[in-house]
1. Identify the residues of the range 211-237 with backbone N under 12 Å of a label point that sits 7 angstrom from the Cα of Leu194 along the Cα-to-Cβ direction, or state none.
2. Using just the helices of the chain, give the 222 nm mean residue ellipticity in deg cm²/dmol: DSSP H runs with n ≥ 4 each add -39,500 (n - 2.57), and the total is spread over all residues, rounded to 500.
3. Cβ under 12 Å from Thr130's Cβ, Thr130 left aside: what net charge do those residues give with Lys, Arg +1 and Asp, Glu -1?
4. Once you put a point 7 Å from the Cα of Glu34 and another 7 Å from the Cα of Asp208, both along the Cβ direction, what distance in nm separates them?
5. Sequence-distant or interchain residues sharing an amide H contact under 5 Å with Ala124, placed H: which?
6. Out of Pro251, Pro197, Pro36, any idea which swings most in a Gaussian network model of the chain, alpha carbons joined below 10 Å?
7. Taking a ≥ b ≥ c as the square roots of the eigenvalues of the Cα gyration tensor of the range 207-261, is the shape rounded (a/c under 1.5), prolate (a/b larger than b/c) or oblate?
8. ³J(HN,Hα) across the range 203-217 via Karplus (A = 6.51, B = -1.76, C = 1.60, θ = phi - 60°), whole Hz, x for Gly/Pro?
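The values are calculated or read from the model by the stated rules, or taken from the named source; none is laboratory data. Being a predicted model, the structure only gives us computed values, none of them experimental. Neighbour counts run over all protein chains shown; Cβ positions are idealised from the backbone, glycine included. For accessibility, only protein heavy atoms count, side chains too; no ligands or nucleic acids. Shrake-Rupley method; radii C 1.70, N 1.55, O 1.52, S 1.80 Å.
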Amino acid sequence: MSEFPQGVREVFAQLRGTEVGRLLAADRRQGGQELPTIPVPEVGVELTRAEAACALFESSADELGNPDTDTLSAALCGGVRSLGVEGVRAELGTFCGLGDEFWEVVQCWRWAHRLTLAYWYAGARSRAMTAGEVAVCLYLSDLRRCQQEDVSFLSARSLLVSQCIRQGAERVPAETLVGLGESVVAELGVPAKLREPVSWLYRQVMPDFRRRRLCFALAHAHSAREPAPLVVRLDDGGYALGTTAPREPGPAFYRPLHARW
(Lines give C-alpha, C1' and ligand atoms only; values in the text may rest on other atoms or scores of the structure.)
Protein backbone atom coordinates (compact mmCIF):
# COMPACT_ATOMS: atom_id res chain seq x y z
CA MET A 1 0.00 0.00 0.00
CA SER A 2 1.44 3.37 -1.00
CA GLU A 3 2.12 5.94 1.73
CA PHE A 4 2.48 8.75 -0.81
CA PRO A 5 0.45 11.56 0.81
CA GLN A 6 -2.76 12.68 -0.84
CA GLY A 7 -2.39 15.90 -2.77
CA VAL A 8 1.42 15.96 -2.76
CA ARG A 9 1.64 15.85 -6.53
CA GLU A 10 -0.65 18.88 -6.64
CA VAL A 11 1.51 20.66 -4.05
CA PHE A 12 4.62 20.06 -6.14
CA ALA A 13 2.83 21.26 -9.27
CA GLN A 14 2.25 24.62 -7.55
CA LEU A 15 5.90 25.15 -6.72
CA ARG A 16 7.97 27.61 -8.74
CA GLY A 17 11.64 27.29 -9.50
CA THR A 18 12.10 23.80 -8.08
CA GLU A 19 11.81 21.69 -11.23
CA VAL A 20 15.38 21.66 -12.48
CA GLY A 21 15.03 18.37 -14.34
CA ARG A 22 17.29 15.38 -14.26
CA LEU A 23 21.02 15.68 -14.24
CA LEU A 24 22.41 16.89 -17.57
CA ALA A 25 26.06 17.20 -16.59
CA ALA A 26 28.38 14.49 -17.88
CA ASP A 27 29.38 11.51 -15.79
CA ARG A 28 33.18 11.67 -15.48
CA ARG A 29 33.70 7.91 -15.33
CA GLN A 30 35.48 6.45 -18.31
CA GLY A 31 36.01 2.99 -19.72
CA GLY A 32 33.76 1.10 -17.34
CA GLN A 33 35.21 2.68 -14.20
CA GLU A 34 33.20 2.12 -11.03
CA LEU A 35 34.41 5.45 -9.65
CA PRO A 36 35.59 8.62 -11.39
CA THR A 37 39.06 9.98 -10.80
CA ILE A 38 39.63 13.05 -8.63
CA PRO A 39 41.06 16.06 -10.48
CA VAL A 40 43.97 17.99 -9.00
CA PRO A 41 44.21 20.77 -11.59
CA GLU A 42 46.91 22.70 -9.70
CA VAL A 43 49.41 19.96 -10.53
CA GLY A 44 47.73 18.70 -13.71
CA VAL A 45 46.87 15.15 -12.57
CA GLU A 46 43.87 13.02 -11.71
CA LEU A 47 44.02 10.47 -8.89
CA THR A 48 42.09 7.35 -8.04
CA ARG A 49 40.28 7.22 -4.71
CA ALA A 50 43.04 5.05 -3.24
CA GLU A 51 45.78 7.41 -4.44
CA ALA A 52 43.88 10.39 -3.04
CA ALA A 53 43.47 8.67 0.34
CA CYS A 54 47.19 7.94 0.42
CA ALA A 55 48.09 11.56 -0.41
CA LEU A 56 45.67 12.85 2.21
CA PHE A 57 47.20 10.53 4.79
CA GLU A 58 50.69 11.81 4.02
CA SER A 59 49.43 15.39 4.41
CA SER A 60 47.82 14.61 7.84
CA ALA A 61 44.36 15.44 6.50
CA ASP A 62 42.81 13.32 9.27
CA GLU A 63 43.43 16.31 11.59
CA LEU A 64 41.17 18.68 9.62
CA GLY A 65 38.04 18.15 11.70
CA ASN A 66 34.97 18.58 9.48
CA PRO A 67 36.29 20.23 6.32
CA ASP A 68 34.35 21.28 3.24
CA THR A 69 35.26 20.06 -0.22
CA ASP A 70 37.49 23.03 -1.03
CA THR A 71 39.54 22.44 2.13
CA LEU A 72 39.91 18.75 1.30
CA SER A 73 40.93 19.58 -2.26
CA ALA A 74 43.60 21.96 -0.96
CA ALA A 75 44.90 19.28 1.43
CA LEU A 76 45.02 16.77 -1.41
CA CYS A 77 46.92 19.20 -3.60
CA GLY A 78 49.38 19.82 -0.77
CA GLY A 79 49.97 16.10 -0.34
CA VAL A 80 50.61 15.58 -4.05
CA ARG A 81 52.98 18.54 -4.20
CA SER A 82 54.85 17.25 -1.16
CA LEU A 83 55.30 13.67 -2.35
CA GLY A 84 54.91 14.00 -6.09
CA VAL A 85 52.63 11.73 -8.07
CA GLU A 86 55.23 8.98 -8.26
CA GLY A 87 55.87 9.31 -4.55
CA VAL A 88 52.16 8.85 -3.81
CA ARG A 89 52.04 5.75 -5.98
CA ALA A 90 55.19 4.38 -4.35
CA GLU A 91 53.54 4.65 -0.91
CA LEU A 92 50.20 3.30 -2.09
CA GLY A 93 50.91 -0.37 -1.37
CA THR A 94 51.98 0.37 2.20
CA PHE A 95 49.00 2.63 2.81
CA CYS A 96 46.47 0.11 1.46
CA GLY A 97 47.98 -2.51 3.76
CA LEU A 98 47.04 -0.53 6.86
CA GLY A 99 43.87 -1.82 8.50
CA ASP A 100 40.68 -0.26 9.84
CA GLU A 101 42.15 -0.28 13.34
CA PHE A 102 43.95 2.95 12.46
CA TRP A 103 41.43 5.77 12.76
CA GLU A 104 43.59 8.12 10.69
CA VAL A 105 43.57 5.68 7.77
CA VAL A 106 39.81 5.23 7.88
CA GLN A 107 39.30 8.99 7.98
CA CYS A 108 41.49 9.56 4.94
CA TRP A 109 39.59 6.90 3.01
CA ARG A 110 36.37 8.76 3.90
CA TRP A 111 37.79 12.10 2.83
CA ALA A 112 38.92 10.60 -0.49
CA HIS A 113 35.47 9.10 -0.98
CA ARG A 114 33.86 12.49 -0.39
CA LEU A 115 36.10 14.01 -3.06
CA THR A 116 35.20 11.19 -5.44
CA LEU A 117 31.51 11.98 -4.97
CA ALA A 118 32.08 15.74 -5.20
CA TYR A 119 33.71 15.49 -8.63
CA TRP A 120 31.49 12.74 -10.05
CA TYR A 121 30.02 15.05 -12.69
CA ALA A 122 31.52 17.71 -14.93
CA GLY A 123 29.90 21.10 -14.50
CA ALA A 124 28.52 20.26 -11.06
CA ARG A 125 29.38 19.32 -7.51
CA SER A 126 27.71 16.41 -5.79
CA ARG A 127 27.46 14.85 -2.35
CA ALA A 128 25.84 12.04 -0.41
CA MET A 129 22.33 12.56 0.91
CA THR A 130 21.86 13.68 4.49
CA ALA A 131 19.81 11.72 7.00
CA GLY A 132 16.97 14.21 6.56
CA GLU A 133 16.92 13.80 2.78
CA VAL A 134 16.91 10.01 3.02
CA ALA A 135 14.09 10.25 5.57
CA VAL A 136 12.05 12.27 3.07
CA CYS A 137 12.64 9.61 0.41
CA LEU A 138 11.55 6.85 2.79
CA TYR A 139 8.46 8.81 3.83
CA LEU A 140 7.36 9.33 0.21
CA SER A 141 8.03 5.71 -0.76
CA ASP A 142 5.68 2.74 -0.52
CA LEU A 143 7.27 1.69 2.76
CA ARG A 144 4.39 0.26 4.76
CA ARG A 145 3.16 2.09 7.80
CA CYS A 146 4.66 0.61 10.94
CA GLN A 147 5.43 1.46 14.52
CA GLN A 148 8.67 2.87 15.94
CA GLU A 149 9.63 -0.49 17.39
CA ASP A 150 9.73 -1.96 13.89
CA VAL A 151 12.85 0.01 12.95
CA SER A 152 15.17 -2.91 13.79
CA PHE A 153 13.03 -5.20 11.63
CA LEU A 154 13.23 -2.81 8.68
CA SER A 155 16.95 -2.17 9.07
CA ALA A 156 17.56 -5.89 8.54
CA ARG A 157 15.84 -5.68 5.15
CA SER A 158 18.57 -3.72 3.39
CA LEU A 159 17.32 -4.41 -0.14
CA LEU A 160 13.82 -3.20 0.76
CA VAL A 161 15.20 -0.04 2.34
CA SER A 162 17.43 0.69 -0.66
CA GLN A 163 14.51 0.26 -3.04
CA CYS A 164 12.35 2.58 -0.97
CA ILE A 165 15.05 5.27 -0.91
CA ARG A 166 15.28 5.23 -4.70
CA GLN A 167 11.49 5.12 -5.08
CA GLY A 168 10.94 8.12 -2.84
CA ALA A 169 13.69 10.08 -4.58
CA GLU A 170 11.80 9.69 -7.85
CA ARG A 171 8.73 11.33 -6.33
CA VAL A 172 10.11 14.70 -5.26
CA PRO A 173 11.95 17.48 -7.13
CA ALA A 174 15.61 17.57 -6.12
CA GLU A 175 15.55 21.15 -4.88
CA THR A 176 12.42 20.45 -2.82
CA LEU A 177 14.07 17.34 -1.39
CA VAL A 178 16.98 19.43 -0.12
CA GLY A 179 14.63 21.86 1.62
CA LEU A 180 12.47 19.13 3.14
CA GLY A 181 15.57 17.31 4.35
CA GLU A 182 16.70 20.42 6.21
CA SER A 183 13.26 20.64 7.83
CA VAL A 184 13.40 17.01 8.97
CA VAL A 185 16.75 17.60 10.67
CA ALA A 186 15.53 20.86 12.24
CA GLU A 187 12.57 19.01 13.74
CA LEU A 188 13.98 15.59 14.64
CA GLY A 189 17.75 16.06 14.68
CA VAL A 190 17.72 18.40 17.70
CA PRO A 191 16.39 18.13 21.28
CA ALA A 192 12.62 18.60 21.50
CA LYS A 193 12.89 21.92 23.34
CA LEU A 194 14.90 23.39 20.45
CA ARG A 195 12.47 22.41 17.70
CA GLU A 196 10.96 25.17 15.62
CA PRO A 197 7.50 25.21 13.97
CA VAL A 198 7.46 23.31 10.69
CA SER A 199 6.65 25.00 7.40
CA TRP A 200 3.42 24.77 5.42
CA LEU A 201 5.09 22.72 2.69
CA TYR A 202 6.55 20.32 5.25
CA ARG A 203 3.11 19.75 6.82
CA GLN A 204 1.51 19.19 3.43
CA VAL A 205 4.10 16.74 2.16
CA MET A 206 4.84 14.88 5.42
CA PRO A 207 1.81 15.27 7.71
CA ASP A 208 2.27 12.11 9.84
CA PHE A 209 4.63 12.80 12.76
CA ARG A 210 5.02 9.13 13.75
CA ARG A 211 5.96 8.19 10.19
CA ARG A 212 8.41 11.12 10.03
CA ARG A 213 10.06 9.93 13.24
CA LEU A 214 10.28 6.34 12.02
CA CYS A 215 11.77 7.31 8.68
CA PHE A 216 14.29 9.63 10.31
CA ALA A 217 15.44 6.95 12.75
CA LEU A 218 15.79 4.48 9.89
CA ALA A 219 17.66 6.98 7.72
CA HIS A 220 19.99 8.33 10.40
CA ALA A 221 21.20 5.28 12.27
CA HIS A 222 19.60 2.07 11.08
CA SER A 223 20.40 2.25 7.36
CA ALA A 224 23.61 4.27 7.29
CA ARG A 225 25.26 1.63 5.08
CA GLU A 226 22.55 1.74 2.43
CA PRO A 227 23.50 3.80 -0.63
CA ALA A 228 21.32 6.63 -1.92
CA PRO A 229 21.28 8.79 -5.06
CA LEU A 230 23.73 11.67 -5.09
CA VAL A 231 22.48 15.22 -4.58
CA VAL A 232 23.98 17.29 -7.37
CA ARG A 233 24.34 21.08 -7.37
CA LEU A 234 24.68 22.28 -10.95
CA ASP A 235 27.19 25.03 -11.67
CA ASP A 236 24.57 26.98 -13.62
CA GLY A 237 22.06 26.81 -10.76
CA GLY A 238 19.61 24.34 -9.28
CA TYR A 239 19.79 20.78 -8.04
CA ALA A 240 19.34 17.35 -9.55
CA LEU A 241 19.62 13.74 -8.40
CA GLY A 242 22.51 11.68 -9.70
CA THR A 243 23.51 8.06 -9.71
CA THR A 244 23.47 5.80 -6.66
CA ALA A 245 27.13 5.80 -5.68
CA PRO A 246 28.94 2.94 -3.89
CA ARG A 247 29.21 3.01 -0.11
CA GLU A 248 32.10 4.82 1.51
CA PRO A 249 34.94 2.63 2.81
CA GLY A 250 35.05 1.63 6.45
CA PRO A 251 32.29 1.29 9.04
CA ALA A 252 29.28 3.62 8.92
CA PHE A 253 27.21 4.12 12.06
CA TYR A 254 25.29 7.31 11.29
CA ARG A 255 24.29 9.17 8.19
CA PRO A 256 25.30 12.86 8.45
CA LEU A 257 22.70 15.38 9.56
CA HIS A 258 24.03 18.29 7.56
CA ALA A 259 25.08 18.73 3.95
CA ARG A 260 28.80 18.51 3.26
CA TRP A 261 29.61 20.43 0.11
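1. none
2. So the calculated ellipticity at 222 nm is -13500 deg cm²/dmol.
3. Net of charged neighbours comes to +1.
4. The modelled label-to-label distance comes out at 3.7 nm.
5. Asp235
6. Pro197
7. Oblate is the answer for the range 207-261, as a/c is 1.5 or above yet b/c matches or exceeds a/b.
8. 5, 5, 7, 10, x, 8, 5, 5, 5, 4, 5, 4, 5, 5, 4
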